[in-house]
Amino acid sequence: MPEVGIIMGSQSDWPTMREAAAILDDLNVSYETRIVSAHRTPDRLWSYGVEAVERGLKVIIAGAGGAAHLPGMMASKTRLPVIGVPVQTKALGGQDSLLSIVQMPRGFPVATMAIGGAANAGLMAAQILALGDPALADRLDQWRADLTASIPDAPSDE
Ligand code: RP5
């Protein structure tokens, strides 16, 4: 059973959300991907939230754009940590997505990433799982060290 559920409101969110999947691939964390729309498939959202714990998921990454109600509604249906990714929109640049996700009422938090911040959502999910997984913690430490080592001391023209 995968540990992370990556869910998104539409196929059109996948180019953004695949960055979370890529990070989890790098870190050898198991995940599943699903299209779950708060508005177009509300029954799918409901059953995914109800079944998430018993299915063995540990963290949910939820991305949506515009009237981005998926992360918040999922947080209402499961006590698993929900990491929200505001997907960039054409009309309002993703500010609509961000504000739809970030301002949750007391009791039902969503850990909201930056607009388009799916890679960081993958990392945050891995960091949560690493609390109880020393081997994953080691992989994360190495990933971070590799990133640090890749940053040059000075800019180049190339
Ligand atoms: C949201 O509406 C989705 O999360 C997506 O970001 C946005 C647009 O969806 P499509 O019209 O491209 O399917 O529900």
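Just so you know, in segment 17-36 the residues that are among the aliphatic types (A, V, I, L, M) and part of a loop (DSSP other than H, G, I, E, B) include one that is nearest to Met1 (Cα to Cα), and it is Val29. For segment 73-80, state whether one or more residues are in a loop (DSSP other than H, G, I, E, B) and on the phi > 0 side of the Ramachandran plot. No, segment 73-80 contains no residue that is in a loop (DSSP other than H, G, I, E, B) and on the phi > 0 side of the Ramachandran plot. Regarding Ile115, is this residue modelled with pLDDT of 95 or more, assigned to a strand (DSSP E or B) and not charged (D, E, K, R)? So Ile115 does not fit the description; no. Anything in segment 60-86 that is under 12 Å from the mean Cα position of the chain (by Cα) and surrounded by fewer than 24 Cβ atoms within 10 Å (Cβ to Cβ)? List them, or say none. The answer is Pro81, and nothing else. Which residues, counting only those in segment 113-147, are among the polar types (S, T, N, Q), under 17 Å from the mean Cα position of the chain (by Cα) and farther than 20 Å from Pro15 by Cβ? Within segment 113-147, just Gln127 meets the criteria. Here is the figure for segment 89-126: residues that are on the phi < 0 side of the Ramachandran plot and crowded, with 16+ Cβ neighbours inside 10 Å total 23.
May I ask you to list the residues in segment 37-53 that are under 21 Å from Val87 (Cα atoms) and assigned to a loop (DSSP other than H, G, I, E, B)?
Residues of segment 37-53 that are under 21 Å from Val87 (Cα atoms), as a first pass: 37-42, 44-45, 48-49.
Hits for segment 37-53 are Ser37, Ala38, His39, Arg40, Thr41.
Only one entry of Thr16, Thr41, Thr33 meets the criterion of being of a type in the set (Val, Ile, Thr) and within 15 Å of Gly117 (Cα to Cα), and that entry is Thr16.
In contact with a Pro (Cβ under 6 Å, 6 or more places away or on another chain), surrounded by 18 or more Cβ atoms within 10 Å (Cβ to Cβ), aromatic (Phe, Trp, Tyr) and on the phi < 0 side of the Ramachandran plot: is that true of Tyr48 in this structure?
Numbers: in contact with a Pro (Cβ under 6 Å, 6 or more places away or on another chain): no; surrounded by 18 or more Cβ atoms within 10 Å (Cβ to Cβ): yes; aromatic (Phe, Trp, Tyr): yes; on the phi < 0 side of the Ramachandran plot: yes.
No.
Inside segment 36-85, can you point out the residues that are among the basic types (Lys, Arg) and either more than 17 Å from Met104 (Cβ to Cβ) or within 13 Å of the ligand (Cβ to nearest atom) (or both)? Within segment 36-85, Arg40, Arg44, Arg55, Lys58 qualify.
Out of Asp157, Asp138, I need the residue that is surrounded by fewer than 18 Cβ atoms within 10 Å (Cβ to Cβ) and part of a helix (DSSP H, G or I). Which one?
Numbers: Asp157 fails: part of a helix (DSSP H, G or I).
From the options Asp157, Asp138, the qualifying one is Asp138.
Could you give me the residue pairs with C-beta distances under 7 Å whose first residue belongs to segment 136-158 and is of a type outside the set (Gly, Ala, Ser), whose second residue is part of a helix (DSSP H, G or I) wherever it lies, and which are 6+ apart or on separate chains? From residues that are of a type outside the set (Gly, Ala, Ser), the pairs are Leu136/Ala126; Leu136/Leu129; Leu136/Ala130; Leu140/Ala126; Leu140/Gln127; Leu140/Ala130; Trp143/Asp26.
The values are calculated or read from the model by the stated rules, or taken from the named source; none is laboratory data. The model shown is predicted, which means the values in this text are computed figures rather than measured ones. We place every Cβ from the backbone using ideal geometry, glycine too, and count neighbours over all the protein chains shown.
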